[in-house]
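What follows is a single structure, written as structure tokens, with notes after it.
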């Protein structure tokens with residue numbers, strides 16, 4: 001079974017492409033959701049995070065506060081790297097475990113790892129193909145601002161901590177451009193999907 005990495009910067013439209021792929025028979029492993037789940041529920045990871053970042057990231061009950069952690073982790077590259085080096089090994093183990101199960105079940109035409117940091121984490125080396133979803137920064141900004149869950153400054157800070165679209169495009173096996181409407185995105189996604197599967 002093919003293992004495909006699907007990546008793109010914040011606001012690129014990666015999640016929409018992921019939904020399309022799912023509807024065409026792919027199993028989607030949402031690495032970003034899995035990372036949040038690990039932070040919330042994995043005791044070992046929580047201990048490592050608190051050891052690394054201290055009381056800056058915990059609430060009054062000594063549980064990890066997601067917003068405090070985001071503030072600390074996204075302040076610069078060093079802090080983001082520290083958090084990722086704790087979380088990524090847990091995510092990689094889960095990817096391998098779920099992949100083996102999905103392969104045995106044999107109900108899907110491919111296994112897609114949907115992750116913002118495919119290249120940054122080194123996960124690309126474990127994929128058969130990597131697809132990059134790109135979009136002009138003005139469209140990305142509009143999409144993220146319309147969700148209304150982070151400020152413009154936080155959005156731009158996160159963009160600066162991720163690899164640029166250009167860097168990802170140079171390494172990508174396939175590129176999906178998302179600078180038009182949803183229907184066009186679906187058509188572009190289908191072309192790529194059909195050429196792989």
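Here, each number is a calculation from the coordinates, and none is a lab measurement. In this text the structure is predicted, and so the values were computed from the model without any measurement. Using ideal geometry, Cβ is built from the backbone for each residue, glycine included, and neighbour counts are taken over all protein chains shown.
Listed values, structure above:
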item	result
Kirkwood Rh and Cα Rg combined as Rg over Rh, evaluated for segment 11-111	1.05
Acute angle (nearest 10 degrees) that the helix 137-147 long axis makes with the longest principal axis of the chain, alpha-carbon atoms	60
Residues listed by number, segment 57-87, amide nitrogen under 12 Å from residue 51 label point at 7 Å toward C-beta	86
Net lengthening on full extension, residue 183/residue 23 (0.36 nm per residue, minus Cα-Cα)	56.1 nm
Highest-MSF residue in the chain out of 22, 126, 170 [GNM, Cα springs under 10 Å]	170
Rg to Rh, two decimals, where the chain supplies the alpha carbon set and Rh follows Kirkwood	0.97
0 to 90° range, to nearest 10: angle between helix 43-53 axis and the chain longest Cα axis	70
Bridge type composition, the chain - antiparallel percent by DSSP, nearest 5	5
Separation in nanometres of the label points that stand 7 Å from Cα toward Cβ, at residue 78 and residue 156	2.3
The chain: angle of helix 31-41 to the longest principal axis, Cα-based, in degrees nearest 10	30
Cα principal axis extents for segment 55-109, largest first, Å	44, 28, 16
CD proxy at 222 nm, helix term only [per DSSP H run n ≥ 4: -39500 (n - 2.57); per residue of the chain; nearest 500]	-18000 deg cm²/dmol
Span from the segment 1-55 Cα centroid across to the segment 166-197 one, whole angstrom	20
Theoretical gain in end-to-end length, residue 101 to residue 1 [0.36 nm per residue, Cα-Cα removed]	34.9 nm
